[in-house]
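Below you'll find the structure, written out as C-alpha cells, and then a few comments.
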Amino acid sequence: MKLTITNLSKTYSNGVRALHDVSLTIPQGMFGLLGPNGAGKSSLMRTIATLQEADHGQIVLEETPAGTIDVLRQKHDVRKLLGYLPQEFGVYPKVTAETMLDHIASLKGIANRAERKTVVEALLEKVNLAHVRKKNLGTFSGGMKQRFGIAQALIGNPSLIIVDEPTAGLDPAERNRFHNLLSEIGENTIVILSTHIVEDVTNLCSAMAIINLGEVIAEGHPAGLVADIQGKIWRKTIEKVELDAFRNDYQVISTQLKAGKTQIHIYSETQPLDFEPVEADLEDVYFSKITATKKTAVVA
C-alpha cells in the first residue's frame, strides 16, 4: 500500500500559496513530514484528509482493500479508510470517553451496538484509557486527550492515518507513550506524522520529507539524508556580537547559547578556518535545508 502525491498545489483566497507542485511517494509505515510552522504541512494534511480542495494535482491511494482510490475525487471512499488526528481538536467536556467513542463509531458506520461496545473497549485498552472510560473528557490531561484522539482515529481499522503535530505540548513521559503507540500502529498502515519536532521523526520514521514555503525541499530515509551531509557540518564558539558577521560569511544553520558564548553550526563543503567538524544528525539536515531555502527565497 502507498500514497502517491503528484504536482499538488493550493493557494488560498487571501493569496497565500500554501502548496506548490508538491510530489511525494509515501509507503506503508511511519512517514515523517517535517517543517516549520506555516510551511504547508497542515494544508497538505487537510487536503489528503479530504477537508479542502486542491487547485490542481493528484493524490492516489494504491493497493488498498478497495483497490486504487483517487483521493481528490473519491472522497467518500477515502473517508472509509482514513483515521485523522488534527493539530487541534475539540472534545465535549461533559461526555465520557466511552460514550464519545461509541458515538464516533456509530458515525463511522458500525451500526450494531454489541460490535461498537467491543470496538470501543478494545481501543480504550490499546491507548491505555480503559481505567478512565467513565470519566468526562474535560477532566483529561493533554496526553490523555491525545491518546483519546488516536483512539477515535483508529475506529474502523483505517489503512491511512494522519496525525498533525501530535506530541506538541506533551511532557516527556506522555511523548514516550505516544511514540510507542504510533510505532505499533505504523506496522500495518500508512501513518503520516506531521511535525516540527525533529526528534519525533528520528525516533519513529523510516521515511520522511521536509517541506518549507509550500514546497518539498528534501525526502528520503532519515539515515540517508544524514549521510549526505556528513563531513559538511562545522561548529565554532563565538561572541554573540559576532553572529551577524558570521551569517554574512557562512551558511549558519543553527545557534546555541552555552556558558555566555554562542556556538554556531554551519554548512560548508570544505572546512573553514578555525572551525571543528561535527557528527551530523537529522537536526542538522533539517536546519541546513531550511536555511538554504530561506537564502534562495531572499535571492529570488
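The values are calculated or read from the model by the stated rules, or taken from the named source; none is laboratory data. Bear in mind the structure is a predicted one, so any value in this text is a computation, not a measurement. Reconstructed Cβ throughout: ideal geometry from the backbone, glycine too, with neighbour counts over all protein chains shown. Quick note on the areas: whole protein, heavy atoms, side chains included, nothing else; ligands and nucleic acids left out. Shrake-Rupley method; radii C 1.70, N 1.55, O 1.52, S 1.80 Å.
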- Query: Using beta carbons and a limit of 9 Å, which pairs, at least six apart or on different chains, have the first residue in the range 179-206 and of a type in the set (S, T, Y) and the second one open to solvent by less than 20 Å² (accessible area, probe 1.4 Å) and assigned to a helix (DSSP H, G or I)?
  - Reply: S194/K41; S194/L44; S194/M45; T195/K41; T195/V201; T202/P222; T202/L282; S206/P222
- Query: In this structure, is S159 under 21 Å from T47 (Cβ atoms) and open to solvent by 10 Å² or more (accessible area, probe 1.4 Å)?
  - Reply: yes
- Which of the residues spanning the range 23-41 are open to solvent by less than 50 Å² (accessible area, probe 1.4 Å) and in contact with a Lys or Arg (Cβ under 9 Å, 6 or more places away or on another chain)? I26, L33, L34, G35, G40
- Message: So T118 passes all but one of these: (1) open to solvent by less than 80 Å² (accessible area, probe 1.4 Å); (2) assigned to a helix (DSSP H, G or I); (3) of a type in the set (S, T, Y). Which condition number does it fail?
- Response: (1)
- Only one of L24, L72 is under 25 Å from P166 (Cα atoms) and either acidic (D, E) or under 19 Å from the mean Cα position of the chain (by Cα) (or both), namely L24
- Task: Given the conditions (1) polar (S, T, N, Q); (2) more than 27 Å from R17 (Cα to Cα); (3) crowded, with 16+ Cβ neighbours inside 10 Å, report the number of the one that Q271 does not fulfil.
- Result: (3)
- Query: buried (at least 18 other Cβ atoms within 10 Å of the Cβ) and either under 28 Å from G67 (Cα atoms) or without any contact (Cβ under 8 Å) to a residue 12 or more places away in the chain (or both): does that describe L124?
  - Reply: no
- Task: Would you mind stating whether A173 is open to solvent by 40 Å² or more (accessible area, probe 1.4 Å) and not in a loop (DSSP other than H, G, I, E, B)?
- Result: yes
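Look at Y92 and say whether it is outside any helix (DSSP H, G or I), under 22 Å from A39 (Cβ atoms), modelled with pLDDT of 85 or more and among the aromatic types (F, W, Y).
On the way: outside any helix (DSSP H, G or I): yes; under 22 Å from A39 (Cβ atoms): no; modelled with pLDDT of 85 or more: yes; among the aromatic types (F, W, Y): yes.
Criteria not met by Y92.
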- Message: Considering only the range 16-35, I want to know if a residue exists there that is within 16 Å of V191 (Cβ to Cβ), outside any strand (DSSP E or B) and in contact (Cβ under 8 Å) with a residue 12 or more places away in the chain.
- Response: yes
- Consider Q263 carefully, then state whether it is more than 28 Å from the chain's Cα centre (by Cα) and part of a strand (DSSP E or B). yes
- Query: Hey, among G35, G29, G15, which residue is at pLDDT below 95 and touching a helix residue (DSSP H, G or I) at 6+ places or on another chain (Cβ under 6 Å)?
  - Reply: G35
- Task: Taking R113 as the residue in question, decide whether it is over 30 Å from G15 (Cβ atoms) and either touching a residue at least 60 places away in the same chain (Cβ under 8 Å) or open to solvent by 50 Å² or more (accessible area, probe 1.4 Å) (or both).
- Result: yes
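Determine which member of the set A245, A280 is among the aliphatic types (A, V, I, L, M), free of Cβ contacts under 8 Å to residues at least 24 places away in the same chain and not in a strand (DSSP E or B).
Exactly one residue qualifies, and that residue is A245.
Of all residues in the range 42-61, which are open to solvent by less than 50 Å² (accessible area, probe 1.4 Å), of a type outside the set (A, V, I, L, M) and in contact (Cβ under 8 Å) with a residue 40 or more places away in the chain?
S42, S43, Q52, G57
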